Structure formats: structure tokens, C-alpha cells
2 protein chains.
Amino acid sequence: MSVGLEQPKSLIKVEGIRLSACSAGIYNKKRDDLALIEIAKDSVIAAAFTKNNFCAAPVEISKSNLQKANPQYCLINAGNANAGTGRVGVLNSKAICKELAKKINCIEEEVLPFSTGVIGEDLPVKKINQAIPTLIKNLSENSWLDVSKAIMTTDTMPKAISSQIKIDDSMINITGITKGSGMIKPNMATMLSFIATDANVTKEILDKIKQNSLFKSFNRITVDGDTSTNDSFILIATCKSKLPLIDNEDSKAFTILENEITEVCKKLAQTIVRDGEGATKFISIQVDGGNKISECLSIAYKVAESPLVKTAFTASDPNWGRIIAAIGNAEISDLDTSKINIYINDVCIVGNGERSDTYTEEKGKKVMICDEIVLKIELNRGNYSEQIWTTDLSHEYIKINAEYRN
Amino acid sequence: MSVGLEQPKSLIKVEGIRLSACSAGIYNKKRDDLALIEIAKDSVIAAAFTKNNFCAAPVEISKSNLQKANPQYCLINAGNANAGTGRVGVLNSKAICKELAKKINCIEEEVLPFSTGVIGEDLPVKKINQAIPTLIKNLSENSWLDVSKAIMTTDTMPKAISSQIKIDDSMINITGITKGSGMIKPNMATMLSFIATDANVTKEILDKIKQNSLFKSFNRITVDGDTSTNDSFILIATCKSKLPLIDNEDSKAFTILENEITEVCKKLAQTIVRDGEGATKFISIQVDGGNKISECLSIAYKVAESPLVKTAFTASDPNWGRIIAAIGNAEISDLDTSKINIYINDVCIVGNGERSDTYTEEKGKKVMICDEIVLKIELNRGNYSEQIWTTDLSHEYIKINAEYRN
């Protein structure tokens, strides 16, 4: 199941990025499960990784390699997370980086490894190494879509988006891909996401854009509240565009580029939620009028992650009592519940902390049936607003996750 | 479904407590849904209530009445939580207290109201008031079991337990009942729980016992991480026993009584988990070797509330990668994952942060099939240990909660 998702089409090349995908036989069934992204020299890279204490071996190595060299390659496999694999896991990830470096004639630290899939199983190094020559041979500017397919796990659809913006008469290209549909509550990063632009920016500027974009996109989604061991977010600027270097946060060019990259990140992040395991609804939760960003987010996530709220959405049951119970669970100090209003789409459900005078069960049922739902919570105590995106919790979620390894 | 639960039998009377139950027609189907507990004068009472900001009207009133008078009656209804009902809800709860007070000749503030059931619907005051004479007429020392049945909602079985202990040749009786199976993560209290003893104690001593018992019992369970708007825990000492007054924490009698009440509370709390909505497994999560109580609990709850861990338990799939991912999500600072060992019952799954040398998938499957599972996590960094209890997450949970109001 997925909500409002379409096959991505017409992805735009980003000069300085070549990609390829192939099957290394990591999955039993025949499908692409290994991918390579080549990054032109002189590109600038910003990265963010999971904060899970049990971070995967490839995350450890990517973090470490980023300190040592300017990355030239991202080597990504699906079907095996190489997490919970201890020292052997680290050696295995290093072995495939080394093999790629040898074959392609770069240094090992210029390769960033990424893995996604089952946790706790050893990485099939031999299979991956055998497939590396094919990956190298097939590198092409046109393979974004192939790679977006190769990195899928329980995703039902590839996730990719392109965008073009004009800044001072120069056309800037942005293309991004992502994967993920379960174990989704990114913590400073998402499952796997690779976004490239040909814009010409400094490292400091790209880091700033990364931070701001993540804050409003991948760090605002939850499917099941579980943060993956392998979350990684890579933002690449190949600097191939003719537009002069952006090196100042106060410039108009910075603002335009940041907004556009944020939009791309938001849409990509939302594709993950739309494809959330078992999802039958795409739910935007907006909390307005909070005293702090953190209290808006705390309430939004309590509602988004309440199994009772999620199952009510699955059943299209306007059981709004569960929503107020979840809001109350955030335990915000001095929250005056009698000031709270709640809307589902255009229907006011709760006014001043109790059932709205204008609310009828019939109106509630009518909006709860929708695939796309905006749940707006007005706290009326401050000036902060936050929005996050989530899914419902269906039988299909249980089915997918009970049968995941079979 | 429920795990290892049996119909309670042979409950022991507690001198000074009389009870009754009847149908007030709050549920469409014929069943008892209203109950009364009469507390002898000179009893001592300790109470704890939900910390949910949206606490229900009866919780508000019970808290306020406890400040004003020594309670003589608990008036409890199932089928309607009287939560999210604003000012009208408060008036409604007051109206039924007033009616009982009038009929029984006590003051309104000597009645504590309790409600459980659907949130957001108005309390059927008329139906309840009409049933009050029957409740009064039927008061009896022998009706503990009837009351435990009348307060059920999605519970599949009544939950009650009795215990007798000898202190200095005097026999002390303890009987307790509870209800709850969903929206369960008590926060300083449980769903509804009424426990009485004939022991003779001061108010200070009873408060102390309440605090310590709750800490080790009802505050150590989670079914779905949702805290109810109506959680209430009432501990009554009728002081009818011949044993001299316990007024000192350092006395042997205090220790014996506190231990026994804690045991009763633990068993009652565990019945809630055993009857957790859709539960097919009863899971004890023990975290040993933490630096602080809070970090043990944080890890325990992250594991207990991870939908991915819970569905793996449902499927009896030893997908231990999900357990380590959940541990990592607690984001404990400086957690050295390479020191962590994990056991499921007697099988060592993870040793030093990676798959144990002695572990095989076969061994994992064999223990995951069990109904009762102890998941032990050794952090090896300190001297604190904590244990909590939870369930799996099954198709039945979704079914129950998608159909709850139908």
C-alpha cells in the first residue's frame, strides 16, 4: 500500500554525478541490490547520520572517511544493513571499499559505504566484490532512477525527484533519491538519501543548507517511531554550474537555493511516509500556537506515534478522544487544555478543549475517510508552529513486519 | 487473547469494605457497568492519578474531593470515560456524586467518582442516578469479584487478587482489583485500581507504601505507550485489624506490609499486561548494569514500545537486530555498545554488542515461540537494574482498536 505515490519520471541529470546499479545477488530474488554514485572531483559534500547508539558499520566508516578525504564514490547495498555485526562488520565494509578503490584507482577513504536491510547478518563481501566491475562499467549520468530502485527494501515504489530553478539566469539542477518505509523516525538524518545539485557553493554554505533542509524535512517524519541503525543523508554540490560561487548566507542566491533544496527534501521525506509500511493514509500533523518548537514537536510526535490514534485513522473512526489523550501525554507543563482547538481537514472537532458545538459524528466520519488528512492542533499559548508527517497503523503493517525475514 | 491469565477466585473480604455492582445500561449489551465501594469511617486512603494534561472530569473531582473530606464511597462506571467533556463533564460527575450522597446520607465530597470507557461522550447521568438505589441496596463484603467485572472495558477477564500475611500473630487481609488492557502506560497510576487492606496504618505510612508499590508495579508496565485520561489508583487501609498501628517506616511490620502490598500490586499490574489488547506473549524486559534508574527504564521502554520489536515477538521471529536498534534509540550518552549482552530466556543472542558466538537462528526460534519471555539486556556499565512488563503487537490489537466504538 502507499498513499498518493507515483512512479518517479524524467529525472534530471546533475553534471558531475554518474551512477549505476546492478544485482549482486544479496536478495534471493533477482533484483538490483547494489549501486554506485560517482562524484566529480572538486564537489562539496555535506552529510548527516543516525544518532542510534548501535549505528551500523558503514555509518562508522563513512563518518570516519569523511574526516580523511573528499569522497569520490558512494557504494550502496540493499538487503543487508551490516549493523550489529561488530568488528567483522567494520572489516567487511572496509573490504568492499578497498576493492572498489583498487578497481577504480582511487584511495579507500574516498569511498563512502552505505547499507540497508536486515540487521545482524554478515555482509556478503564476495558477492559485492564480484559485482563491482559491472557497477564501474555501467556508470552513467542517466541512472538516477535505476539507483533509486536498487536501494529499496520494503519500499513499494522507488523515491526520486528532480527540480530546476533559475538563479540570475543560470539554470540549477537538483535531483535526489531516497529509500525507507519502516523503522522510520530519522534522527538528524533519514534512512538513505542522496541529493545532488550542480550549484557552486562552499562547504560552509552546503552544511548550512543541509542543516536547515533536514530540520524541515527528514527530521519531521515518523512511521513507527523507530530510528534506523543506518540512517544516512548525503547532500552533494558538484559546483559545475556557471552560476558564481555562493559563499554568503545573506545572498539572494543562497535563499533561493536553500528553499529549493528544502522543497526537494520535504517531498522526498514525504514519499517515505506515503510509502510507510502498511500506510493507508498520509497524515500531516500541524501544531500551532505553542510556546516553543520543542513543545509543538513533542505534542505532534505523541499524536503521530500513538498506536490508538493510528488505528483510529486506519478504521476511519473519528475517535477524537484518543487524539486529546495523546496530546495530554506530552505532559507539557501548564498546558491549558481549555484553550485547545483541533481540526481534521476543515472540520472543527474540539473547541476550547471539549467536543466542538458544531461537531457531529457524521462530519467526523466524512473527513476521516480521506486518504490525505491534515490534523491541526491549536494550543493558543504562543507563536511557534511545527508540522510533521506520519501514517496510520494497519493490519498490513503487522503483516509486513511479522513476515519481514521470511 | 490473554497470556497466562485465570479467572480470579476466592477473594478475601476486607473488614470495613462493602461493595456492589449492577447494570445501569451504559453499554448496549446487558452487563454490569456501575459499581460502588463503601469505605468504613476512620479508614486511611492514598491515591494517585494520571498525569495526562487532558485528565477526565472524575479525576479532577476525585482529586479535589480528597482535599476536602475523608472518602466514604467510590462510585465507578465503565463504558464512558467522561473525558474531553469540559465543564459539562464536571457537572455530570458532580451530579452523580450528589445523587449518591443524597440517597445514602453523606456529603457530596465524601464520594470519589471514577469513569472508564470511550472518551468524548457525555456521561449518561440519568441512567446512573436511576441505578444508584440498587447499588446501595446490594452492598456486601463479598462483592469484590462482581465489582472487578463491572469495571471492565476491553478486558477479556476480570482482574483481582487477595493475599493474607501474618504480622506478629495477627492476620492481615489484602484484596485488590484492577482493570485495563489498552491505552496502557500508567503515569504515576494505573487505569483503575482499588486495593484495600484491614491493616492499621497512619496516612503518612499509607502514602509511603503507595509510592513505593506503584513505583515497582503499575509504573512498570506498557501495552501501547498511551497513558489514559482516567488512570486512578486507590489504596485503602480500613484499620480494622487487631494489629497495633503501624506508624514507623523502620518497623518490621511496615516492611512486611509494604512488601506484601507491592506483591499484590505487581501481580495486578501484570494481569493488565497479560490481558493487553491482542496480547499473545507476556514479555518481561530486564535491563541490568545501568548507570542510573532512568537509563535502564529509557532503554527498557524503547524496546517495549518499538512496533518492530513487538511485531517480531508476535511472529516469534528472533529478529534481534530490531532489539539492538531499539536499545540504540534510547540515545544514552557514552553507551559502549560493545559491552552489551542480550538474552532471550536462557539463550544468549548478543554478546559484546554483536551476534553471540554461541547463537544460532534455531535456538532463537525455539525461545521466541514461548508465551512468556524474559528479555535481559546487560549494559555492563553500572549497578542499576530495572524490570518492566509488556506485550507483543498483533493483528488482534489492530482489530480491537479499529473496531473499538462499533
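With label points defined 7 Å past Cα in the direction of Cβ, position A:Asp42 shows copy-to-copy spacings of 9.5 nm, given to one decimal and shortest first. Once the chain from A:Ser140 to A:Ile369 is taken as fully extended at 0.36 nm per residue, the excess over their C-alpha distance is 78.0 nm. Placing a label point 7 Å from the Cα of B:Asn259 along the Cα-to-Cβ direction, the residues of the range B:199-235 whose backbone N falls under 20 Å of that point are B:199-201, B:205-218. Within 10 Å of the Cβ of each residue in B:118-125, the mean number of Cβ atoms contributed by other protein chains is 4. Residues of the range B:219-240 losing 40 Å² or more of accessible surface, assembly versus chain alone, probe 1.4 Å, please list them. Buried-area filter returns B:Asp226. For the range A:124-193, the fraction of 1.4 Å probe accessible surface lying on carbon and sulfur atoms is 47 percent.
Label the range A:1-64 by shape, choosing from rounded, prolate and oblate, from the square roots a ≥ b ≥ c of the eigenvalues of the Cα gyration tensor; if a/c is under 1.5 it is rounded, and otherwise prolate applies when a/b is larger than b/c, oblate when it is not. Rounded is the answer for the range A:1-64, as its axis ratio a/c remains below 1.5. Identify, among B:Thr197, B:Met171, B:Leu19, the residue whose Cα sits farthest towards the positive end of the charge dipole of chain B, taking +1 on the Cβ of Lys and Arg and -1 on the Cβ of Asp and Glu, with the dipole about the Cα centre. Comparing the listed Cα positions along the dipole, B:Leu19 ranks first.
Taking +1 at the Cβ of each Lys and Arg and -1 at the Cβ of each Asp and Glu, which of A:Leu100, A:Ala312, A:Ala69 sits farthest along the dipole of chain A towards its positive end, judged by Cα position relative to the Cα centre? The residue sitting farthest along the positive end of the dipole is A:Leu100. Per residue of A:333-340, other chain Cβ atoms within 10 Å of the residue Cβ number 2 on average. With its label point put 7 Å out from Cα toward Cβ, A:Lys365 sits 4.6 nm from the same residue's point in the other copies, in order from shortest.
Projecting the Cα positions of B:Ile327, B:Ile377, B:Trp144 onto the charge dipole of chain B (unit charges on Cβ atoms of Lys, Arg, Asp and Glu, taken about the Cα centre) puts B:Trp144 furthest along the positive direction. In the range A:38-54, the residues whose accessible area drops by at least 10 square angstrom when the other protein chains are added to the isolated chain are A:Lys51, A:Asn52, A:Asn53, A:Phe54; the probe is 1.4 Å and only protein heavy atoms count. Take A:Asn70, move 7 Å from Cα toward the beta carbon, and the resulting point lies 8.2 nm from the same point in each other copy, nearest first. How would you classify the range B:1-151 from its alpha-carbon gyration tensor, with a ≥ b ≥ c the square roots of the eigenvalues: rounded for a/c under 1.5, else prolate if a/b is greater than b/c, otherwise oblate? The shape class here is rounded.
Under a Cβ-Cβ cut-off of 12 Å, what is the net charge of the residues other than B:Glu295 that fall near it, where Lys and Arg count +1 and Asp and Glu count -1? Neighbourhood net charge equals -1. Projecting label points 7 angstrom from Cα along Cα→Cβ for B:Asp250 and B:Lys103 puts them 5.0 nm apart.
Annotation for A:Lys242 and A:Phe215: the two label points, set 7 Å from Cα along the Cα-Cβ direction, are 3.5 nm apart. Membrane-span-like helices of chain A, defined as complete DSSP H segments with a Cα extent of 30 Å or more along the helix axis and a mean Kyte hydropathy of at least -1.0, are identified as A:252-274.
Rolling a 1.4 Å probe over the protein heavy atoms gives the protein assembly as shown an accessible area of 37 Å² per residue.
Peptide packing for A:231-241, B:268-278 was compared via the average number of neighbouring C-beta atoms within 10 Å per residue; ordered from the highest value, the list is B:268-278, A:231-241.
With each label modelled as a point 7 angstrom along the Cα→C-beta vector, the A:Gln164-A:Thr360 pair spans 5.1 nm.
In terms of the Cα gyration tensor, with a ≥ b ≥ c the square roots of its eigenvalues, is the range B:282-402 rounded because a/c is under 1.5, prolate because a/b exceeds b/c, or oblate? Spell out each step's value before the answer.
Working: a/c = 1.95, a/b = 1.29, b/c = 1.51.
Since a/c reaches 1.5 but b/c is at least a/b, the shape of the range B:282-402 is classed as oblate.
The A-B contact accounts for approximately 4800 Å² of buried accessible area, totalled over both chains at a 1.4 Å probe radius. Remark: the range A:17-272 carries a charge dipole of roughly 600 debye about the Cα centre, counting +1 on each Lys and Arg Cβ and -1 on each Asp and Glu Cβ. Pairs over the 27 Å Cα-Cα cut-off, from the set B:Lys216/B:Lys310; A:Lys29/A:Lys159; A:Lys302/B:Lys203; B:Lys68/B:Lys266; A:Lys102/A:Lys242: A:Lys302/B:Lys203; B:Lys68/B:Lys266; A:Lys102/A:Lys242.
Taking all protein chains as they are arranged and a probe of 1.4 Å, the heavy atoms of B:Glu15 leave approximately 100 Å² accessible to solvent.
When the alpha carbon gyration tensor of chain A is reduced to an equivalent ellipsoid, the three semi-axes, largest first, read 38, 25, 18 Å.
Across peptide A:393-405, the average count of Cβ atoms from other chains found within 10 Å of a residue's Cβ is 6.
The values are calculated or read from the model by the stated rules, or taken from the named source; none is laboratory data. Note that the structure is predicted; figures quoted are calculated from it, not measured. Don't worry about glycine lacking a Cβ; one is built from the backbone with ideal geometry, like all the others, and counts go over all protein chains shown. Quick note on the areas: whole protein, heavy atoms, side chains included, nothing else; ligands and nucleic acids left out. Shrake-Rupley method; radii C 1.70, N 1.55, O 1.52, S 1.80 Å.
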